[in-house]
Amino acid sequence: MKNSNPAELAELLRRTQAAAALTGAGISVESGIPSFRGAHGLWTRYNPMEYAHIDAFLSNPAKVWRMLLELDATIRQARPNPAHYALAELEKMGKLKGIITQNVDNLHQEAGSRNVIEFHGNARRFVCLRCRRTIDPATLDFSHVPLYCSCGGLIKPDIVFFGEEIPPAANRAAFDLAESCDLMLVIGTSAAVMPANILPKAAKNHGAIIVEINLEPTELTRRFTDYFLEGSAGQILTEAVALLAS
Ligand code: OAD
């Protein structure tokens, strides 16, 4: 692992034609969405096994909706930040093939990124657990939760709870991208959650350079990271993309 900087990242990006990004909650912190772990993380206030496990949702949906409504309100008012826009720009420049995101906030898509693999789903979509119908949130009354479908089934945000599998198409697309990229940007993730945290290893095993951007070292840093950029994703990516474009 080598400590690196935006100028070196710009040079690495200059040489790549097929980069990929793996993003986590840290990339959306500058948009006002708290991360999960760490001092102000959601999981310091809500025990994930009580509030984010599928069995908890099925057995006590009203309780889990208390956390979901808070998440929903935070995500609704959030807008993309410079890090999201920088990744969208890298895709337009033909450098970035796609983003695998663990985030459910839709901010990469709002920033203009086209190939976004939603590894943990999307909180702006809702699904009925009985008839599997996708439901437009504009038709839902969030003042009365839990929400039920006209078929009587329980409605759930289309996000992956603990105890649920990764949507198979997203899982396949993510590993295909990881195994075919020549550089993987790992941005704002603690890499504490399986199977997302296996993706950098899959990329490295297939010859990719691993570049990590984070406020602090993670589980990946010592074992898998080739270039580590310590600092905020917004600042580092904006600077690197500006240098690349100049
Ligand atoms: P975490 O909360 O575990 O980690 C956030 C990471 O972002 C930490 O390593 C921070 O140091 C870093 N960070 C914070 N602010 C940053 C900034 N401005 N710039 C760069 N880095 C910053 O979030 P995730 O790794 O995304 O799963 O968590 C993975 C999964 O755990 C989530 O998708 C969620 C959660 O349980 C599900 O909901 C299924």
*Taking only the range 37-55 into account, find how many residues are touching a residue at least 60 places away in the same chain (Cβ under 8 Å) and either more than 12 Å from the ligand (Cβ to nearest atom) or under 16 Å from Gly121 (Cβ atoms) (or both).*
5
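Can you tell me which residues in the range 158-180 are under 14 Å from Ala52 (Cα atoms), surrounded by 14 or more Cβ atoms within 10 Å (Cβ to Cβ) and over 16 Å from the mean Cα position of the chain (by Cα)? Talk me through it step by step, then tell me what you get.
Initially, the range 158-180 is screened for residues under 14 Å from Ala52 (Cα atoms), giving 158-165.
From what's left, surrounded by 14 or more Cβ atoms within 10 Å (Cβ to Cβ): 158-162, 164.
Glu164 - this is the single residue of the range 158-180 that is under 14 Å from Ala52 (Cα atoms), surrounded by 14 or more Cβ atoms within 10 Å (Cβ to Cβ) and over 16 Å from the mean Cα position of the chain (by Cα).
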_Selection within the range 16-72 - part of a loop (DSSP other than H, G, I, E, B) and under 21 Å from Pro195 (Cα atoms)_ = Gly24, Ser35, Phe36, Arg37, Gly38, Gly41, Asn47, Ala52
*Looking at (1) out of contact with any Gly (no Cβ under 6 Å at 6 or more places or on another chain); (2) in a loop (DSSP other than H, G, I, E, B); (3) within 19 Å of Ala20 (Cα to Cα), which is the one condition that is false for Thr189?*
(1)
*Output the qualifying pairs, or none if there are none: Cβ atoms under 8 angstrom, residues six or more apart or on different chains, first residue in the range 190-203 and free of Cβ contacts under 8 Å to residues at least 24 places away in the same chain, second residue assigned to a loop (DSSP other than H, G, I, E, B) and away from the ligand (no atom under 12 Å from the Cβ).*
Lys201/Phe224
_Residue, surrounded by the fewest Cβ atoms within 10 Å (Cβ to Cβ), within the range 9-63, restricted to residues that are farther than 27 Å from Leu90 by Cα and among the polar types (S, T, N, Q)_ = Ser59
*Considering Lys92, Lys63, Lys2, which residue is among the charged types (D, E, K, R), more than 13 Å from the ligand (Cβ to nearest atom) and touching a strand residue (DSSP E or B) at 6+ places or on another chain (Cβ under 7 Å)?*
Lys2
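Mind checking which residues of the range 193-221 are part of a loop (DSSP other than H, G, I, E, B) and within 13 Å of the ligand (Cβ to nearest atom)? Even if it seems obvious, please write down each step before you answer.
Kept after step one, since they are part of a loop (DSSP other than H, G, I, E, B), are these residues of the range 193-221: 193-195, 206-208, 215-218.
If the condition is that a residue be part of a loop (DSSP other than H, G, I, E, B) and within 13 Å of the ligand (Cβ to nearest atom), then Val193, Met194, Pro195, Leu215, Glu216, Pro217, Thr218 are the ones that fit.
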*Could you please tell me which pairs satisfy a Cβ distance under 8 Å, a separation of 6+ or placement on different chains, a first residue in the range 227-240 that is basic (Lys, Arg), and a second residue that is more than 12 Å from the ligand (Cβ to nearest atom) and in a helix (DSSP H, G or I)?*
none
_Take the conditions touching a helix residue (DSSP H, G or I) at 6+ places or on another chain (Cβ under 8 Å), at pLDDT 95 or above, outside the structural domain of Asn197 (by TED's automatic domain parsing) and of a type in the set (A, V, I, L, M, F, W, C) and apply them to Ala62. Does it pass?_
no
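Please indicate, with yes or no, whether at least one residue in the range 144-155 is within 12 Å of the ligand (Cβ to nearest atom), modelled with pLDDT of 95 or more and under 27 Å from Met67 (Cβ atoms). Even if it seems obvious, please write down each step before you answer.
Going through the range 144-155, the residues within 12 Å of the ligand (Cβ to nearest atom) turn out to be none.
No.
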*asked:* Only one of Leu107, Leu90 is over 14 Å from the mean Cα position of the chain (by Cα) and closer than 24 Å to Asp176 by Cα. Can you tell me which?
replied: Leu90
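The values are calculated or read from the model by the stated rules, or taken from the named source; none is laboratory data. Just so we're clear, the structure is a prediction, and the values are computed from it rather than from any experiment. Every residue, glycine among them, receives a Cβ derived from its backbone with ideal geometry; neighbour counts consider all protein chains shown.
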